[in-house]
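Each remark here refers to the structure printed beneath this line.
The values are calculated or read from the model by the stated rules, or taken from the named source; none is laboratory data. Everything numeric here is computed off the predicted structure, so don't read it as measured data. What goes into the accessible areas is simple: the full protein's heavy atoms, side chains included, and nothing from ligands, DNA or RNA. Shrake-Rupley method; radii C 1.70, N 1.55, O 1.52, S 1.80 Å.
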Amino acid sequence: QVQLVESGGGLVQAGGSLRLSCAASEQTFSNYVMGWFRQAPGKEREFVAATTWSGSSAAYSDSVKGRFTISRDNARNTVYLQMNNLKPEDTAVYYCAAKFRPGSAASDSSYSYWGQGTQVTVSS
């Protein structure tokens with residue numbers, strides 16, 4: 001069982017930056033594709049970004065491409081989401097997730113383990 005704990009959320013003005021972290025309990029963390037998803041009030045959970053086990057490849061949703069960067073430090077069992085030029089529409093609860101099954105990294109059904117989420121609020 002992999003436990004994931006997110007941190008780094010908060011309140012920021014539009015145009016500002018935040019860095020989310022997700023610490024994993026599992027020593028085999030490096031075996032997993034790691035993803036970030038978000039869910040705004042009244043909306044479905046949506047894909048934000050994902051990175052391969054090595055961190056050499058990443059994918060982003062169109063809405064965050066060029067503003068957000070996903071990275072990972074396997075030695076620290078941690079994945080990060082650097083969010084720059086934040087917009088009010090980025091306001092959501094952000095979740096990290098770990099995937100080891102086949103399937104699209106952009107689909108939440110492909111992920112087996114989830115964190116509890118961290119709130120990001122962007123004011124205009």
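The tail of the calculated P(r) for segment 50-93 beyond 15 Å holds 46 percent of all Cα-Cα pairs. Each part gets one Cα centre, and for segment 90-124 versus segment 45-63 those centres are 10 Å apart.
Where only protein heavy atoms count, and the probe is 1.4 Å, what is the accessible area per residue for the chain in Å²? That works out to 50 Å² for each residue.
As a length-normalised measure over Cα pairs under 8 Å and 6 or more apart, the relative contact order of segment 19-124 settles at 30 percent. Taking every alpha-carbon pair within segment 12-60, the share separated by more than 14 Å comes to 65 percent.
Per-atom-type breakdown for the chain gives carbon and sulfur 46% of the accessible area (1.4 Å probe, protein chains only). Here's the list of aspartates and glutamates a cross-link from Lys65 could span, going by alpha-carbon distance under 16 Å and ignoring same-chain residues fewer than 8 apart: Glu46, Glu89, Asp90.
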